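Below is one structure, written out as structure tokens, with a few remarks after it.
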Amino acid sequence: MHPENQSLAILKKLVANLGDELAGYRKRAITAEAKLKSIEENVEGSGMNVDQTLELQRENVELKARLDDATQRTNVLLSKIRFLRQQSEREEEVK
């Protein structure tokens, strides 16, 4: 094979690979655009803008964390109350 033909074959292969990569990027871009459109439609249907929706999502995460913390503290208090109740019942049994 002549060097020119070999170079041309390599170039054709590179162009074909580049075409495949571009097709993959195009497919990913179309998928991303469809997801974004769906999100925008959901936001529009709620009467809020994207910033408001993102703020509510952030707030929701914060509130869930606070709720989890409060639940944990409540469980600790309940454990202490149960312990005190048991101690009180034992003292009454002794009397």
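Helix 50-94 and the longest principal axis of the C-alpha atoms of the chain enclose an angle of approximately 30°. When you work out D = kT/(6 pi eta Rh) for segment 16-61 at 10 °C and 1.306 mPa s, using the Kirkwood radius from C-alpha pairs as Rh and the Stokes-Einstein form, the result is 127 µm²/s. Spacing of the modelled spin labels on LEU56 and SER79, each 7 Å from Cα toward Cβ, amounts to 3.7 nm.
Here the scattering of the chain is modelled by Debye summation over its C-alpha atoms, one equal scatterer each and no solvent; at q = 0.16, 0.24 Å⁻¹ the log10 of I(q)/I(0) is -0.89, -1.11. Expressed as an acute angle from 0 to 90° and rounded to the nearest 10, what is the orientation of the C-alpha long axis of helix 3-46 relative to the principal long axis of the chain? Once rounded, the angle reads 40 degrees.
When you count, for each residue, the other Cβ atoms within 10 Å and take the mean per peptide, how do 83-95, 55-67 rank with the highest first?
Working: 83-95: 8.7, 55-67: 10.3.
Ranking the peptides 83-95, 55-67 by packing returns 55-67, 83-95.
Listed by chain and number, the aspartates and glutamates whose alpha-carbon sits under 19 Å from that of LYS12, ignoring those within fewer than 8 places in the same chain, are GLU4, ASP20, GLU21.
Counting only residues at least eight positions apart within a chain, or on another chain, the lysines with an alpha carbon under 21 Å from that of LYS37 are LYS27.
Mind checking the dipole of the chain: about its Cα centre, +1 per Lys or Arg Cβ, -1 per Asp or Glu Cβ, Debye to the nearest 20?
Details: 16 positive and 17 negative charges, 72 e Å.
With Lys and Arg at +1 and Asp and Glu at -1, about 340 debye.
Charged neighbours of LEU63, selected by a Cβ distance under 13 Å, balance to -2 (K, R count +1; D, E count -1).
Where a number appears in this text, it was derived from the coordinates with a stated rule and is not lab data. All values derive from a computational prediction rather than experimental measurement. When we count neighbours, we look across all protein chains shown, and the Cβ atoms used for this are built from the backbone with ideal geometry, even at glycine.
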